[in-house]
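Written out below as structure tokens is the structure these notes cover.
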């Protein structure tokens, strides 16, 4: 007995679909090339959103409007984007109170708003290295280095840990250059830039290196010594310097720009942020 193979009949009507799939794939490839080129030339993402449709609840919006100054200064379009990002952040992170602290809606809103403010210029804004937000009433004992902390980012546990007392003081006084939330979320953003190759991380790493190069210049060192503009803790290491830099960038942008224009400009590009 012989087995006869019968070839499938040619279906010319499938050709347009095949060509369409190939063309779509090639178009997507070209778009990615253009997107990378744009980001490398202009130091910012080509776009930041596909869709914006999620909204905060009425009570969450009241807290944001009344207690978070940054939000009140945004345009109507940017407020919609900001709310969308906050809803996404809250839905993806688990907020946990420690030592009998009960997580309130106010805590969730204000911590989330701080995270979204820092990442507002980014396309990827959800801090993928963070799954848990742990909140203590005040300073807490850290098992990481056996010391008392006001805040820390623990990448091994995928947790950002905050003292609510110190966090609250940080955003209530918005011109003293102390902001615990900005500081700790910047640490998470720094580590993300080291472990990821997305456009935001590449831009972050590029501008981070530009900032470090500035610190090797004698005239910058002299200006740092002369002005004492940044608090001494900034010089603990390069990562603490960046976290402190972010605090000053948001809380004293005009003074920062006037005294250290190049450092300010690199930080602005790193975050893709514009106060104007």
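Please treat every number below as a calculation from the coordinates, not as lab data. Just so it is clear, the structure is predicted and the values come from calculations on it, not from any experiment. Quick reminder, even Gly has a Cβ in these numbers, built from the backbone with ideal geometry, and neighbours come from all protein chains shown.
Observations, loosely collected:
- In this label model, residue 191 and residue 255 are separated by 3.1 nm, measuring between points 7 Å along each Cα→Cβ vector.
- Remark on region 58-271: ratio of C-alpha radius of gyration to 2.2 N^0.38 Å is 1.00.
- The slack in the chain from residue 88 to residue 126, taken as 0.36 nm per residue of separation less the alpha-carbon distance, amounts to 12.9 nm.
- Taking every DSSP bridge with both residues inside region 58-271, close to 45 percent are antiparallel.
- Label-to-label distance, nm, for residues given as residue 52 and residue 139 (7 Å Cα→Cβ offset): 4.1 nm
- Extension gain from residue 105 to residue 237, taking 0.36 nm per residue of separation minus the Cα-Cα distance: 44.0 nm
- Full-stretch length increase - residue 67, residue 175 - with 0.36 nm per residue and alpha-carbon distance subtracted: 37.4 nm
- Here each label is just a point 7 Å from Cα along the line to Cβ, and for residue 96 and residue 274 those points are 4.1 nm apart.
- Compactness ratio for region 56-115: Cα radius of gyration over 2.2 N^0.38 Å (N = residue count) comes to 1.13.
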